[in-house]
Amino acid sequence: MKAAEGQQGRGGVSAFEALKPGKKARIGLYSIGLRAYWSQFEGLRERLVEYGKWIERKLADEAEVYNYGLVDTEDEGRAAGEWFNRHNVDLIFCHSATYSTSSTVLPVHQICKAPVVVLNLQPAARINYDKTYTGEWLAHCGACPVPEISNAFNRSGIPFRVVNGLLGLEQTPAISLADEQTSGRPEAKRAWKEIAEWVQAAGVKRTLQHSRFGFLGNTYSGMLDMYSDFTMLQAQTGIHVEVLEMCDLDKLLSEVTEADVQRKLEETRAMFEISEDSPTDPIAKKPTPEQLEWSCRVALAQEKMVRAYNLDSLTYYYHGAPGNAYEKLQSGFILGHSLLTAKGIPCSGEGDLKTALAMKICDLLGKGGSFTEIVVVDYENGTILLGHDGPFHIQIADRKPVLRGMGVYHGKAGTGISVEAKVKTGPVTTLNVTQTVDGKLKLIVSEGESIDGPIMKIGNTMTPVRFHTDPDSYMERWFAEAPTHHCAISVGHNASLYRKVGELLGIEVVVLQP
């Protein structure tokens, strides 16, 4: 799993080590051609195979790559389809290396149902017109069969996508008559960015299919937008929902040692700024030593629960009789759930399982993903404040987050400490997972900018976000899509990534663009 933007990723040092790294995608790869060419044009077959190996090496850092090699007859296509099935690939890249009949390509995807992306990657930006012969031209004509292949896919009911651009070699092969050193050209960079996004999206799908989402307690009573069918969620995403009880957590709480609590207190003081009393809100106070100690104790139990139940994400809410032991237990939730979120176990409040899914998608892609809703509109700045009184993704904080004591959790039972923070300034994207009238999930995506505006000092997370139009016009479009009232906020402009995730999961994606 990659660290959130602004942190060092794989191979570096992150402030938070993921408790459960995401799974790499299994990528199928093959190159296409026409067998009749090989005896006619010496060296062409070997040249195209080497192009395929170059693509394989480029993909290998971020995925498990299964390169079948050259498919140049329909029989070879059938064999490739069976081979990809045996390797259980998540996505297939069809490298259009030269002209090939569509009858060669179609059997691969009739047999293996993994999604397909055609790679139309020309080796050179321009052929050597004066010296090029037919065999040289055929090494550069990958675009030629793509319309034919697209037509065959369409008529066969096979969804597909095409990435166009340059191959991006770092040096020109000896056999070539053209300059194939194109790694620095924008056409190559753009193509490889698209390819990388497809690989990342496939990794999200694979990870979700092996993920266990904890559901602790219940969904906040009356929030009808958040109620979902666990079977429906597993059917559409592959996640398993593990239903947990407060007594499961309480049992683990009894196993926490005093030495563990002291270490967690030291970690917390190093990571957070401990607030004084709020200058404006009488219920927002400096955390008491007892509140800090209790939140750290609960945080240790929460991490034990994640490990005990092998969880990848967690959503929670508990409402009990005033003064009972579990009410006290849930009062310490926010610190620990913020720490878990920063360690790759996104935690959503109020029992909102769909937003836990949104947060997990963001986190797997290395973009953070913090639990938010609309706080207030600032018409002077043209921004909408997004935030919540629940967990925050510390890795995408603008500055050191603040721990603030809460005399009461508004709208909920109990008291405790909360995280006050905002997302770093710069490009951001919100990801909302909602459910439609026919029971289908839908992703709603919006890109905007986090600005350095003021926030309230009331113990909530809050980020002023300026979207592509004025707040009222934006909200009109957003609300028309019937969103869940929570969403995940992530760093970077990620609409292209989230669109690919939705496509691979078979979930509708709506991007709110200018």
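The values are calculated or read from the model by the stated rules, or taken from the named source; none is laboratory data. Treat the numbers as computed from the prediction; the structure is a model and nothing was measured. Cβ placement follows ideal geometry from the backbone for every residue including glycine, while neighbour counts extend to all protein chains displayed.
Considering every residue within region 200-211, establish whether at least one is modelled with pLDDT of 95 or more and not in a helix (DSSP H, G or I). Within region 200-211, one or more residues are modelled with pLDDT of 95 or more and not in a helix (DSSP H, G or I). Has region 158-169 got any residue that is more than 25 Å from Ser103 (Cα to Cα), modelled with pLDDT of 95 or more and either in contact with an Asp or Glu (Cβ under 8 Å, 6 or more places away or on another chain) or of a type in the set (S, T, N, Q) (or both)? Within region 158-169, one or more residues are more than 25 Å from Ser103 (Cα to Cα), modelled with pLDDT of 95 or more and either in contact with an Asp or Glu (Cβ under 8 Å, 6 or more places away or on another chain) or of a type in the set (S, T, N, Q) (or both).
This table checks each residue for (1) closer than 18 Å to Gly351 by Cβ; (2) in the same structural domain as Glu46 (by TED's automatic domain parsing).
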residue	(1), (2)
Ile158	no, yes
Val162	no, yes
Leu167	no, yes
Trp198	no, yes
Met223	yes, no
Glu245	yes, no
Lys251	no, no
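With respect to (1) closer than 19 Å to Phe213 by Cβ; (2) crowded, with 23+ Cβ neighbours inside 10 Å, the lone exception for Tyr317 is condition (2).
Rundown of residues vs (1) farther than 30 Å from Glu290 by Cβ; (2) modelled with pLDDT under 95, yes/no style:
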site	(1), (2)
Ser418	no, yes
Asn460	no, yes
His486	yes, no
His493	yes, no
Tyr498	yes, no
Leu505	yes, no
Val510	yes, no
Pro514	yes, yes
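Taken over region 455-481, residues that are among the hydrophobic types (A, V, I, L, M, F, W, C), touching a strand residue (DSSP E or B) at 6+ places or on another chain (Cβ under 7 Å) and either in contact (Cβ under 8 Å) with a residue 60 or more places away in the chain or closer than 25 Å to Gly203 by Cα (or both) amount to 6. Would you please name the residue that is farthest from Ala114 (Cα to Cα), looking only at residues in region 133-160 that are without any contact (Cβ under 8 Å) to a residue 12 or more places away in the chain and part of a helix (DSSP H, G or I)? Here the answer is Trp137.
Does region 161-173 include one or more residues that are in a helix (DSSP H, G or I) and in contact with a Ser or Thr (Cβ under 7 Å, 6 or more places away or on another chain)? Within region 161-173, none of the residues are in a helix (DSSP H, G or I) and in contact with a Ser or Thr (Cβ under 7 Å, 6 or more places away or on another chain).
Across region 92-124, the qualifying residues are those that are free of Cβ contacts under 8 Å to residues at least 60 places away in the same chain and in a loop (DSSP other than H, G, I, E, B), and the one among them that is surrounded by the fewest Cβ atoms within 10 Å (Cβ to Cβ) is Lys113.
Taking the condition of being closer than 24 Å to Gly22 by Cβ, in a helix (DSSP H, G or I) and of a type outside the set (A, V, I, L, M, F, W, C), how many residues in region 57-91 meet it? Residues that pass the stated criteria total 4. Please state which one of Asp389, Asp398, Asp363 is under 21 Å from Phe16 (Cα atoms) and in contact with a helix residue (DSSP H, G or I) (Cβ under 8 Å, 6 or more places away or on another chain). Going through Asp389, Asp398, Asp363 in turn, the sole match is Asp363.
For Gly366, the conditions (1) part of a loop (DSSP other than H, G, I, E, B); (2) more than 14 Å from Gly492 (Cα to Cα); (3) touching a residue at least 12 places away in the same chain (Cβ under 8 Å); (4) not polar (S, T, N, Q) are fulfilled apart from (2).
Quick grid of which residues meet (1) buried (at least 19 other Cβ atoms within 10 Å of the Cβ); (2) touching a Ser or Thr at 6+ places or on another chain (Cβ under 6 Å); (3) assigned to a loop (DSSP other than H, G, I, E, B); (4) modelled with pLDDT under 95:
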site: Arg10; (1), (2), (3), (4): no, no, yes, yes
site: Ser14; (1), (2), (3), (4): no, no, yes, yes
site: Glu17; (1), (2), (3), (4): no, no, yes, yes
site: Lys23; (1), (2), (3), (4): yes, yes, yes, no
site: Gly28; (1), (2), (3), (4): yes, no, no, no
site: Glu50; (1), (2), (3), (4): no, no, no, no
site: Ile55; (1), (2), (3), (4): yes, no, no, no
